[in-house]
């Protein structure tokens, strides 16, 4: 019986230690910084903008429009007055606010189709974040971004 008690105590201590390690794990981190898209085509700088987070397009793998030979523009924007603005420097993420542990929600603009979507960003680790754009909060498409410099 002493052996069973010792095993139970050891198991209980191990369980308590394991739970304390899980609960004391450091958060994944802040989304602030520069992120490389999953396809490696863009980099977005996430920064504080008046108390919420926003993201600006700071790098393009192919910055030149193949058809015009000029820097890429926001040519799919539904507002004709905005179609000639350059993609570099364009704010594509805005209004991200905390929505849970290591999670933020706001809006994301997709220059490929000129549409703005509900956005969800979850920092998975110091170097990875999952980003989703959603329509009607149920139809979502996501990708994993890697922290860059």
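The values are calculated or read from the model by the stated rules, or taken from the named source; none is laboratory data. Here the structure is a predicted model, which means the values were calculated and not measured. Counting neighbours? That spans all protein chains shown, and the Cβs are built from the backbone with ideal geometry, glycine included.
Here are some notes:
- For segment 48-84, the set of residues classified as surrounded by 11 or more Cβ atoms within 10 Å (Cβ to Cβ) and under 18 Å from residue 36 (Cβ atoms) consists of 53, 54, 55, 56, 57, 58, 59, 60, 61, 63, 72, listed by residue number.
- Verdict on residue 6 being at pLDDT below 95, farther than 19 Å from residue 115 by Cα and part of a loop (DSSP other than H, G, I, E, B): no
- Number of positions in segment 70-101 that are at positive phi and either modelled with pLDDT under 95 or not in a loop (DSSP other than H, G, I, E, B) (or both): 2
- Test: residue in segment 23-42 that is loosely packed, with under 15 Cβ neighbours inside 10 Å, in a strand (DSSP E or B), without any contact (Cβ under 8 Å) to a residue 40 or more places away in the chain and more than 15 Å from the chain's Cα centre (by Cα): no
- Residues (in a strand (DSSP E or B) and farther than 21 Å from residue 74 by Cα) located in segment 109-130: 120, 121, 122, 123, 124, 125, 128, 129, 130
- The lone exception for residue 106 - which of (1) within 18 Å of the chain's Cα centre (by Cα); (2) modelled with pLDDT of 95 or more; (3) surrounded by 13 or more Cβ atoms within 10 Å (Cβ to Cβ); (4) part of a loop (DSSP other than H, G, I, E, B) it fails: (4)
- With respect to the conditions (1) closer than 20 Å to residue 43 by Cβ; (2) in contact (Cβ under 8 Å) with a residue 12 or more places away in the chain; (3) surrounded by fewer than 15 Cβ atoms within 10 Å (Cβ to Cβ), residue 101 lacks only one, and its number is (1).
- Test result for residue 122, touching a strand residue (DSSP E or B) at 6+ places or on another chain (Cβ under 8 Å) and either modelled with pLDDT under 95 or surrounded by fewer than 13 Cβ atoms within 10 Å (Cβ to Cβ) (or both): no
- Where residue 131 falls short, out of the listed (1) within 21 Å of residue 29 (Cα to Cα); (2) exposed (fewer than 14 other Cβ atoms within 10 Å of the Cβ): (2)
- Taking residues in segment 50-62 that are at positive phi, and partners anywhere that are part of a strand (DSSP E or B) and at pLDDT 95 or above, the pairs with Cβ atoms closer than 9 Å and at least 6 places apart or on different chains are 51/97.
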